[in-house]
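Novice: Please see the structure below; I have some questions.
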Amino acid sequence: AQSVTQLDSQVPVFEEAPVELRCNYSSSVSVYLFWYVQYPNQGLQLLLKYLSGSTLVESINGFEAEFNKSQTSFHLRKPSVHISDTAEYFCAVSDRDDYKLSFGAGTTVTVRA
Amino acid sequence: NAGVTQTPKFRILKIGQSMTLQCTQDMNHNYMYWYRQDPGMGLKLIYYSVGAGITDKGEVPNGYNVSRSTTEDFPLRLELAAPSQTSVYFCASSYSRGRAPEQYFGPGTRLTVT
């Protein structure tokens, strides 16, 4: 099974500032990569995914993530955050022949005015 | 289309009691999963199923049991509840291999064992 490391457990950020959440995984075998977002007292929602093709993937609400195979990383970025982006963010990885997900420990993003 | 639904939302159990967490999906997904979420630990896979009648252990199966008699339902059984099983439990589902791999999650069940 993959091991997933999210390098920051807490990220405070001011509104309209950029944010980057870092994610590294253990193996360079073919993988699927995901970022999920969890708002307070809710379930996990898929934010974006990398399956194949372009290494830069985007979400509908302005987040983007870049797959870097040589560094086994899938960092998440947003150039300008809103108060509503306050949530916990999870990086998850699965091997292509096994749909079971391995999750990072999560990064809590708190956006302040 | 309700997606993945879970009941109950909250439950308090005494040590040694048993209960079943219910999970239902209406997306005709073959694969279903149970996770537990503990603070600072991410989600850990308890059990999963690749189809009706087929289940297998995940990373943390001890103290739990599952069954999968239909495509839609995947209940999780806790026997002899222990304080270590205090957690938030999430059910998820996905298509089978060869199709879109992303998992869809239910809203969770918050369980406290005292």
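The values are calculated or read from the model by the stated rules, or taken from the named source; none is laboratory data. Owing to the predicted nature of the structure, the values given are computational and were not obtained by experimental measurement. In this analysis, Cβ positions are derived from the backbone assuming ideal geometry, glycine residues included, and neighbour counts consider all displayed protein chains. These area figures cover heavy atoms from the full protein model, side chains too; ligands, DNA and RNA do not enter into them. Shrake-Rupley method; radii C 1.70, N 1.55, O 1.52, S 1.80 Å.
Novice: Per q in 0.16, 0.20 1/Å, what log10 I(q)/I(0) does a Debye calculation on the alpha-carbon atoms of the range B:1-64 return?
Specialist: Log10 I(q)/I(0), no solvent term: -0.67, -1.03.
Novice: With labels modelled as points extended 7 Å from the Cα through the Cβ direction, what inter-label distance (nm, one decimal) is found for A:Tyr39 paired with B:Thr7?
Specialist: So the label points at A:Tyr39 and B:Thr7 sit 2.5 nm apart.
Novice: Please work out the C-alpha center-to-center distance from the range B:77-114 to the range A:69-113 and express it in whole Å.
Specialist: Value for the Cα centre distance between the two parts: 20 Å.
Novice: Now for a separate question. To the nearest 100 Å², how much accessible surface do chains B and A cover up together, summed over both, with a 1.4 Å probe?
Specialist: 1700
Novice: Obtain the radius of gyration and the Kirkwood radius of the protein assembly as shown from its C-alpha atoms and give Rg over Rh.
Specialist: 0.97
Novice: Give the average, rounded to an integer, of partner chain Cβ atoms located within 10 angstrom of each Cβ in B:74-87.
Specialist: Rounded to a whole number, the mean comes out at 0.
Novice: Name the residues whose placed amide hydrogens come within less than 5 Å of the amide hydrogen of B:Thr86, ignoring near sequence neighbours (fewer than 5 apart) on the same chain.
Specialist: Here B:Val113 satisfy the definition.
Novice: Would you tell me the mean number of C-beta atoms belonging to other protein chains that fall within 10 Å of each C-beta in A:93-103, as a whole number?
Specialist: Mean number of neighbouring Cβ atoms from other chains: 5.
Novice: So how long is each side of chain B along the principal axes, counting just the alpha-carbon atoms, biggest first, in Å?
Specialist: Principal-axis extents of the Cα atoms in chain B, largest first: 42, 28, 26 Å.
Novice: When the label point is put 7 Å from the Cα of B:Lys14 along its Cα-to-beta-carbon vector, which residues of the range B:89-114 have a backbone N closer than 17 Å?
Specialist: Those under the cut-off are B:112-114.
Novice: Over the whole of B:43-50, what's the average partner chain Cβ count within 10 Å per residue? Rounded to a whole number, please.
Specialist: Shielding by partners across B:43-50 averages 3.
Novice: Of all accessible surface on the protein assembly as shown at a 1.4 Å probe, what whole percent is carbon and sulfur?
Specialist: Numbers: 5320 of 10800 Å².
That fraction is 49 percent.
Novice: About its Cα centre, what dipole magnitude does the protein assembly as shown give when the only charges are +1 on Lys and Arg Cβ and -1 on Asp and Glu Cβ, stated in debye to the nearest 20?
Specialist: On the way: 19 positive and 20 negative charges, 106 e Å.
I would put it at about 500 debye.
Novice: Which trypsin sites (Lys or Arg not before Pro) in the range B:1-40 sit in a loop by DSSP (not H, G, I, E or B) and have at most 11 other Cβ atoms within 10 Å of their own Cβ?
Specialist: Sites meeting the loop and neighbour criteria: B:Lys9, B:Lys14.
Novice: Could you give the nm distance between label points at B:Gln22 and A:Ala113, where each point is 7 Å from its Cα heading toward the beta carbon?
Specialist: 4.2
Novice: With viscosity set to 1.002 mPa s at 20 °C, what whole-number translational diffusion coefficient in µm²/s follows for the range B:52-114 from Stokes-Einstein and a Kirkwood radius over Cα pairs?
Specialist: 159
Novice: Here is a further query. Search the structure for amide H atoms under 5 Å from the amide H of A:Val81, placed 1.01 Å from N in the peptide plane, and list their residues when 5 or more places away or on another chain.
Specialist: Those qualifying (amide H under 5 Å, at least 5 residues apart or on another chain) are A:Glu16, A:Ala17.
Novice: With a 1.4 Å probe and every protein chain left in place, work out the accessible area per residue of the protein assembly as shown in Å², rounded to a whole number. Don't skip to the answer; put the middle values down first.
Specialist: Numbers: 10800 Å² over 227 residues.
For the protein assembly as shown, the solvent-accessible area averages 48 Å² per residue.
Novice: Using the Cα atoms of chain A to build a convex hull, what is its mean projected area in square nanometres?
Specialist: 6.7
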